[in-house]
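To start, the structure under review is shown below, and the notes come after it.
The values are calculated or read from the model by the stated rules, or taken from the named source; none is laboratory data. All values derive from a computational prediction rather than experimental measurement. Ideal geometry is used to build each Cβ from the backbone, glycine not excepted, and the neighbour counts take in all protein chains shown. The accessibility values were calculated without ligands, DNA or RNA, using every heavy atom of the protein model including side chains. Shrake-Rupley method; radii C 1.70, N 1.55, O 1.52, S 1.80 Å.
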Amino acid sequence: MYALKYRLPLHLIVFTEPRYFPNDVGRQKIISSVTNNISGILHETDPGLIVENISITSGSELENFLNQKHKGFGLFVPASGAVQPWMIKAAESFEGIGILAAYEPGLLDRETAYRLLEANAAPAAADVYSVIKRQGKPVALSLEISDILDLLQIIQTADRMKKAVILLAGVTEDWVISSCRSFEKIKEKTGMDFIGVTLEELYRIYESITDEDAKQISNKWIENAKEIIEPKKQDILAASRLAVAIYQLVRKYNGDGIAIACFTLLRELGTTSCIALSMLNDSRDFIGACEGDMDSAVTLFMMKALTDKPSWMANPMLEKNDVLRLSHCTSPLLLEGKPLPYILRNHHESGVGVSPEALIEEGIPVTITRIGNNLSSLSVSTGITLDTPPTPTCRTQLRIKPDSMSSFIDNLLGCHQIVTFGNWERQLTEVGKLLGLKVLK
């Protein structure tokens, strides 16, 4: 198990051909100015970045760099012309490359930036970008560090998925007919490992959890609820015991999350996993999918690795005037980045256990996505949240005005959609390409 927020090391490399800076002191001054300014901005933008500063000014320095077998992401700053062969060779070490056009004043002071421009840094940047792009490696050319860091996060997402371990507790519920049921197919397409465990193993852990073990979780749900309608205190305690058991099961297998056959469970155990899955998705390090839907588990994991935000798995329903309603009983509470008010209800279909009814504001941009079609495609839609008067369906409900309802319907990949606050269309498009998925939008 890894922390879900995964960081590739970033190598900030300044390339300088001495013919443009024949004075050793002047050349080193330029390199130091570029390195100090850009690494400072990187750490200010994201204090958690792992940055290594490197300069390459000769073939021997390039050879020494290559012998060290660096891995991760390369942030290249050409400070002069005639460095293109070095940059292309250095790029072979990395999973992705950002090329920073530092010759335009902004990141650097005007004098330093124009010194790079005078030394032909601009054609070097354009030349190398075109060749790396032609080779098919992820690459970005930009004046903005934010664009480079977006590419880094995209590459980290695909790389983090290869290290993921997700449990499938029970089997995918029969009616989830759109979901992939092959661990091997998921491994082939995403690198993610799924481990099958029985619900009986979870039940044994659940029976070992005492009320005292679960009291802290139960009390928190009760104390923070805006209202409690159907559930009794003992119902909330039982669901909290199950939450403790699910966490223990995931940790037992060093997992990053779980997809659980929750309807089978509630019939056999008499409680629900809704608040457990809500808590997993609110956490920084885990995800939880219901109904044993492995496509949704893969998508939930991808979105958390990409955005570092919780996402919500929900059923789509069409309404008049090109409005989409989403609903499900497992909503996380931190969708907006701050705790949502919620009401504690029982589970909609069964009347059993406990489910959170999260109350979500209108006017918030959202992205709706799903990996599906036997792990071959990725659907991406965007929209904005609307006022949501309740209807007789799952507990948390949210109306959305999609930017294109016709595109959403044309690209629909299953009965569950993954909702994340914010517009992630551009980043998801690139993640889809890295995973070899057909991006539908």
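Give me the distance between the Cα centres of the stretch 10-24 and the stretch 111-185, rounded to whole Å.
27 Å
Along the stretch 275-288, what does the Karplus equation 6.51 cos²θ - 1.76 cosθ + 1.60 (θ = phi - 60°) give for ³J(HN,Hα), rounded to whole Hz, x for Gly and Pro?
6, 4, 5, 4, 5, 4, 6, 6, 6, 7, 10, 9, 9, x
Using the structure shown, list the pairs from K69/K433; K252/K304; K163/K433; K69/K252; K233/K320 with a Cα-Cα distance above 28 Å, or answer none.
Pairs exceeding the cut-off: K69/K252; K233/K320.
Calculated FRET efficiency, E63 and K162, Cβ-Cβ r, R0 35 Å, to nearest 0.05?
FRET efficiency, E63 to K162: 0.70.
Report the calculated FRET efficiency for D24 and Q135 (r = Cβ-Cβ distance, R0 = 25 Å), to the nearest 0.05.
0.15
Length gain on complete extension for the stretch L318 to K226, per 0.36 nm per residue less the alpha carbon to alpha carbon distance?
So the chain would gain 30.2 nm between L318 and K226.
Rounding to the nearest 10 and keeping the result within 0 to 90°, find how far the Cα-based axis of helix 24-45 lies from the longest principal axis of the chain.
Approximately 10 degrees, to the nearest 10.
Going by amide H atoms built from the backbone, whose H comes under 5 Å of the H on I99, apart from near neighbours?
F76, A140, L141, S142
Given the stretch 168-290 reduced to its alpha-carbon atoms as identical point scatterers, what log10 I(q)/I(0) does the Debye formula return at q = 0.14, 0.18, 0.23 Å⁻¹?
Summing over Cα pairs of the stretch 168-290 leads to -0.62, -0.98, -1.46.
Where the centre of each part is set by its Cα atoms, how far does the stretch 276-316 sit from the stretch 193-251, in angstrom?
About 18 Å separates the Cα centre of the stretch 276-316 from the one of the stretch 193-251.
Highest mean first, what order results for 101-113, 254-266 on Cβ atoms within 10 Å?
Packing proxy ranking, top to bottom: 254-266, 101-113.
Apply 1/(1 + (r/R0)^6) to the Cβ-Cβ distance of T429 and R267, taking R0 = 60 Å, and write down the FRET efficiency to the nearest 0.05.
Rounded to the nearest 0.05, the efficiency is 0.90.
What share of the DSSP beta bridges in the chain is antiparallel, in percent to the nearest 5?
Bridges in the chain are about 45 percent antiparallel.
Full-extension gain between Q216 and T198, please, as 0.36 nm times their residue separation minus the C-alpha to C-alpha distance.
Extra length from Q216 to T198 when fully extended: 3.8 nm.
Spelling out what I want: for every residue of the stretch 337-353, take phi, set θ = phi - 60°, compute 6.51 cos²θ - 1.76 cosθ + 1.60 (Karplus), and round to whole Hz; glycine and proline get x.
Result, rounded to whole Hz: x, 9, x, 7, x, 8, 10, 8, 10, 8, 5, 4, 5, 9, x, 9, x.
Do you know the relative contact order of the stretch 1-98, to the nearest whole percent, from alpha carbon pairs under 8 angstrom that are 6+ apart?
It rounds to 42 percent for the stretch 1-98.
If you roll a 1.4 angstrom probe over the protein chains with everything in place, what fraction of the accessible area of the stretch 139-268 belongs to carbon and sulfur, to the nearest %?
50 percent
If you look at just the Cα atoms of the stretch 1-145, how large are its Rg and its Dmax in Å?
In order Rg, Dmax, the Cα atoms of the stretch 1-145 give 14.6, 51 Å.
With +1 on each Lys and Arg Cβ and -1 on each Asp and Glu Cβ, and nothing else charged, work out how big the dipole of the stretch 24-119 is about its Cα centre, in Debye to the nearest 20.
140 debye
Keeping every protein chain present and rolling a 1.4 Å probe, give me the accessible area per residue for the chain in Å².
41 Å²
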